[in-house]
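The structure appears below as C-alpha cells.
Coordinate-derived values only; no laboratory data. Predicted, not measured: the structure shown is a model, and the values here were computed from it. Cβ placement follows ideal geometry from the backbone for every residue including glycine, while neighbour counts extend to all protein chains displayed.
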Amino acid sequence: MKRILPFHQFDPILEALDLNDVDPVLLKALRDLIGDRPINMWIQTPEFGSLSSPRSNAGGGPIFFEWNGEEMRLPGVIFRNGVLYSDQNPQEKSSWNNGKNDAWKRIEHLLAQSQKRTKEFNVFDAGVESMPIVRDMMKKGMEIVSTDRQRKNGTLVLRFPQSRFDYALTPTGYIRRHGVSGYLSKKPELIRPIHSLEDLIPKITYVYFVYLKDVGQDLGISRKELNQIEKTMGTPEYPDVWREITQKYPSMAIHLPAPEGSEGDDIVKGARVLGRMGIF
C-alpha cells in the first residue's frame with residue numbers, strides 16, 4: 001500500500017517557496033475560506049514570512065503571520081482543530097459576514113502594498129544589463145530589445161539568435177512570448193513579482209530553455225532530445241548529450257553552453273536552481 005503524503009509534502013507552492021514556517025493545515029483552511037488564488041498570491045510575495053496559530057489550544061487561537069520581518073495578527077478569524085471560526089463569536093464558523101471579510105481586507109491591503117512596491121522597482125533603473133547572467137547571455141547573442149515605453153514600465157524583452165519569438169518578462173512576474181497570447185508558465189516560483197535583480201535569475205534561465213526548445217523544434221529536434229538537454233545540463237552526463245546533439249544538429253552548437261565551460265556558466269548554475277525548484 002502506498003503511503004499517503006501529508007498535505008505539506010505535496011503542496012507545490014510550499015515546496016517551491018521552501019516555507020518551513022508555514023502551518024500547512026492552517027494554510028489549507030485559509031485557502032478553503034478565502035480562495036486558492038488570493039492566498040497563494042499572498043504567501044508568494046517577498047514580504048511574506050511565516051504563518052502559524054496555537055491550534056493545539058482546545059479553545060482555538062489567533063492567526064499570526066510575518067510581513068517584512070514583523071509579526072502581525074490576521075483579524076476576524078481564529079483557528080481551532082483545523083477549522084476557522086469568527087474571533088468575535090468563537091462558536092461560529094467563519095463566513096463572509098463573520099470574520100472572513102476582515103481577514104480578506106487585511107490580505108488585500110498587503111497585496112496592494114506589495115504590488116505598489118513592484119511598480120516602484122524597475123530592472124533597468126537597477127542596472128539589469130550589468131547582471132552576470134545577462135552579460136553571459138549577451139555573449140551567446142541575446143539582446144535586450146525593450147522599447148523606451150517598455151523600459152519605462154520595467155518590462156524586459158529578450159531576443160535570441162534565430163528565434164521566431166521575443167520573450168517578455170513583466171514586472172508583475174509573468175513571462176510570455178512577446179506578441180503571443182498566454183503565459184509561458186503558471187508555476188508559482190516563476191510568476192512571482194520582480195522586486196530585485198535576483199528575482200530575474202530563474203526567469204531568465206527559464207526563458208533560455210524555452211528559447212532552446214523553440215529553436216530546437218524549428219531544427220527538427222525531438223521533444224525527447226530537448227528534454228534530455230534540460231535534465232542533464234550541469235551534470236556529468238551533459239558533455240555526452242552535448243556531443244550527441246551537436247553532431248546530429250550542428251547549428252545547435254551556437255545555442256548550447258559548451259560543456260568545457262559548464263562549471264562557470266551562469267545558465268548552467270541557473271539550470272541547477274530550476275532543477276531544485278522542480279521545473280525540470
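Computed 3J(HN,Hα) for region 216-232, one whole-Hz value per residue from the Karplus formula 6.51 cos²θ - 1.76 cosθ + 1.60 where θ = phi - 60°, is x, 5, 5, 8, x, 6, 6, 4, 4, 5, 5, 5, 5, 4, 4, 6, 9, glycine and proline marked x. Each residue of region 156-161 was assigned a 3J(HN,Hα) from its phi angle through the Karplus curve 6.51 cos²θ - 1.76 cosθ + 1.60 (θ = phi - 60°); the sequence is 8, 10, 10, 10, 10, x Hz, with glycine and proline shown as x. Within region 128-277, all pairs of alpha-carbon atoms sorted by distance into 5 Å bins from zero give the percentages 2, 9, 19, 23, 22, 14, 7, 3, 0.
Order these peptides, 165-173, 213-221, by their mean beta-carbon neighbour count within 10 angstrom, highest first. Please list the in-between numbers first.
Details: 165-173: 20.6, 213-221: 15.8.
Descending packing order for the listed peptides: 165-173, 213-221.
Using Stokes-Einstein with the Kirkwood hydrodynamic radius over Cα pairs, what translational diffusion coefficient do you get for region 29-91 at 10 °C and a viscosity of 1.306 mPa s, in µm²/s rounded to a whole number? Estimated via Stokes-Einstein, D reaches 130 µm²/s.
Quote to one decimal, in nm, the extra length available between Met138 and Lys224 on full extension: 0.36 nm per residue of separation minus the C-alpha distance between them. It would help to have the intermediate numbers written out before the result.
Working: separation 86, 0.36 × 86 = 30.96 nm, distance 2.76 nm.
This chain segment gains 28.2 nm when fully extended.
A cut-off of 5 Å between modelled amide H atoms, ignoring neighbours fewer than 5 places along the same chain, links Leu84 with Ser94.
Scoring 76-82, 130-136 by mean Cβ neighbours within 10 Å over their residues and listing the highest first yields 76-82, 130-136.
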